[in-house]
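Colleague: Below you'll find the structure I mean.
The values are calculated or read from the model by the stated rules, or taken from the named source; none is laboratory data. Values in this document were obtained by computation on a predicted structure and should not be read as measured data. Cβ placement follows ideal geometry from the backbone for every residue including glycine, while neighbour counts extend to all protein chains displayed.
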Amino acid sequence: MSDIHRPVLLDEVLDVLQIKQDGLYVDGTFGRGGHAAAILARLGAEGRLLAFDKDPAAVAFAASQFGGEPRLIMRCASFGDLESVVTELGWQGKVSGIVLDLGVSSPQLDDAGRGFSFQHDGPLDMRMNPQAGPSASDWLAEASAEEIADVLWRYGEERHSRRIARALVAQRETAPLRSTLQLAQLIAAAVPGRATKRHPATRSFQAMRIFINRELQDLQAVLPQAVEVLAPGARLAVISFHSLEDRIVKRFIRDQQRGPQLPPDLPVLPQAYAPPLRAVGKALRADEAEVRTNPRARSAVLRVAERAA
């Protein structure tokens, strides 16, 4: 178990999930098994953990580290398939807690061969599942300048999106974009000035990764499914690393509490709305000690919601 990765805000997640020995739990983002190992350590013989990960490397890691563990059910799939798998297992309305640790994992970032990082040269891939869908290189070879600009703005909030998109389209007329370093250098050359210490390719790489892996669509799909599969009083814990993810989670929980927004001139008052989900406390962030140990924790936000009893 020496290769098990300690995820951000682990103690806080375990605290809010209130692990029961005989509970049924879901880890929607297995990664390198940090949450899974900690939950399994608190489960009894009757407890079960269902884990998802799109990345075949993560599933292989689970087999090597947790092989023979009867309490772990591992699926190579997106957490967007949550409800169908839970129904298959007969856990509908019985799940004791769900954790979603969003975004790319540290091992994926550190492996230059995966193409997620602009700090190490590698093939321009960016797929969490390298066997599914087009790579970033494939997409950039076909997408129009308008489509590229839209992705960079929508998923990366990159204010120079049009300028970068034009540069990428012009480059592929000479030679296809194949490496992360080549892409990062082109973006840096296209962006005027360097107002901050952040690398000019940061937002563009984030945007392409999110788009290629349909990360926000999967998040929007899983949240209402979580409400349906959770048992009364059970909790959903979501860790976000940038504002786009956190905004979706925050608004979903808020809308669940508010209920349907009806026109003010409705002639008949509706029945009282019973919120199916409510926020538990305020958003949590890593303390200074954790940030010193893991700088990635600086941007992490944990939001927790509880299914109505």
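Colleague: Would you point out which residue out of 193, 233 is touching a residue at least 24 places away in the same chain (Cβ under 8 Å) and at positive phi?
Modeller: Only one candidate qualifies: 233.
Colleague: Kindly evaluate residue 171 against the criterion of being farther than 29 Å from residue 100 by Cβ, buried (at least 17 other Cβ atoms within 10 Å of the Cβ) and either among the aliphatic types (A, V, I, L, M) or not assigned by TED's automatic domain parsing to the domain that holds residue 24 (or both).
Modeller: When the stated conditions are applied, residue 171 passes them.
Colleague: Any residue at all in segment 111-120 that's of a type in the set (Gly, Ala, Ser), assigned by TED's automatic domain parsing to the domain that holds residue 249 and not in a helix (DSSP H, G or I)?
Modeller: No, segment 111-120 contains no residue that is of a type in the set (Gly, Ala, Ser), assigned by TED's automatic domain parsing to the domain that holds residue 249 and not in a helix (DSSP H, G or I).
Colleague: Take residue 147 and decide whether it is at pLDDT below 95 and more than 17 Å from the chain's Cα centre (by Cα).
Modeller: Criteria not met by residue 147.
Colleague: Give, as residue ranges, the helices (runs of 4 or more DSSP H) completely inside segment 137-206 that count at least 2 residues that are closer than 14 Å to residue 115 by Cβ.
Modeller: Helices (runs of 4 or more DSSP H) meeting the threshold: 180-190.
Colleague: Can you work out which of the residues in segment 107-132 that are surrounded by fewer than 16 Cβ atoms within 10 Å (Cβ to Cβ) and of a type in the set (Gly, Ala, Ser) is farthest from the chain's Cα centre (by Cα)?
Modeller: Ranking the qualifying residues of segment 107-132, first place goes to 113.
Colleague: Name every residue in segment 109-119 that is under 28 Å from residue 250 (Cα atoms) and either β-branched (Val, Ile, Thr) or free of Cβ contacts under 8 Å to residues at least 60 places away in the same chain (or both), in order of residue number.
Modeller: 109
Colleague: Given the structure, is residue 226 part of a strand (DSSP E or B) and touching a residue at least 60 places away in the same chain (Cβ under 8 Å)?
Modeller: In short, no.
Colleague: Looking at 249, 238 in this structure, which one is crowded, with 21+ Cβ neighbours inside 10 Å, modelled with pLDDT of 90 or more and outside any helix (DSSP H, G or I)?
Modeller: Every option except 238 fails the conditions.
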